[in-house]
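Inspection log for the structure reproduced underneath, given as structure tokens.
The values are calculated or read from the model by the stated rules, or taken from the named source; none is laboratory data. This is a predicted model, so every value here is computed, not measured. We place every Cβ from the backbone using ideal geometry, glycine too, and count neighbours over all the protein chains shown. These accessible areas exclude ligands, DNA and RNA; they are computed on the full protein's heavy atoms, side chains included. Shrake-Rupley method; radii C 1.70, N 1.55, O 1.52, S 1.80 Å.
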Amino acid sequence: MRDEILVEKIKNVIQILDEIDEMIKTQSTELQNVDFELSDYYHLIENNELSDIASIKIIKNIHDLRKKRRTLNNEYEIENTYQTHKSKLPGTETRKFLANEIYKTVKKLNTEYKNRILTENDIKSLLEETTIKRKPGRPRKIVSE
């Protein structure tokens with residue numbers, strides 16, 4: 001009974017390691033595709049006059065792609081740490097060191113971005129919702145003489 005459990009666990013470990021290797025292999029292609037799509041959007045903005053609705057859609061897509069790009073960059077850093085320290089996988093005592101290195105890398109990734117040009121006031125101004133105040137009721141009828 002234990003022999004079957006052991007074989008199943010080894011099979012699962014091999015499958016998981018294969019999945020990790022596949023993620024490492026395809027990560028650069030994924031990142032490149034996101035970069036190409038972002039570039040397409042930047043050129044679309046540069047080369048066309050956009051309506052407000054189109055601008056909103058494009059910014060939403062850029063926002064989503066930037067989030068995806070951030071996770072891919074984080075994945076790359078974690079994969080680098082894994083590749084550097086994967087020789088620690090076989091030993092029961094050394095696996096803890098691998099896990100520690102991965103945790104350190106993850107902690108480093110979650111630092112806040114520091115603006116280079118924009119100030120806090122600039123950002124606040126950009127993110128403020130501006131509303132146009134209109135008087136209630138129908139607009140005045142313009143009488144031509």
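When Ile78, Ile62, Ile56 are checked against the criterion of being over 25 Å from Ala99 (Cα atoms), of a type in the set (A, V, I, L, M, F, W, C) and surrounded by 14 or more Cβ atoms within 10 Å (Cβ to Cβ), a single residue qualifies: Ile62.
Scanning the range 1-53 for residues being of a type in the set (Gly, Ala, Ser) and surrounded by 10 or more Cβ atoms within 10 Å (Cβ to Cβ) gives a total of 2. For Asn73, the test of being surrounded by 12 or more Cβ atoms within 10 Å (Cβ to Cβ), within 23 Å of the chain's Cα centre (by Cα) and in contact (Cβ under 8 Å) with a residue 40 or more places away in the chain is passed. Filtered by the rule that a residue be farther than 19 Å from Leu17 by Cα and touching a residue at least 24 places away in the same chain (Cβ under 8 Å), the range 84-132 gives Thr105, Val106, Lys108, Leu109.
If you go through the range 11-60 and keep only what is closer than 19 Å to His85 by Cα and free of Cβ contacts under 8 Å to residues at least 60 places away in the same chain, you end up with Val13, Ile14, Ile16, Leu17, Asp18, Glu19, Asp21, Glu22, Met23, Ile24, Lys25, Gln27. Look through the range 93-132, keep the residues that are over 22 Å from Arg70 (Cβ atoms), of a type in the set (Ser, Thr, Tyr) and modelled with pLDDT of 90 or more, and return whichever of them is least open to solvent (accessible area, probe 1.4 Å). Taking the candidates together, the pick is Thr94.
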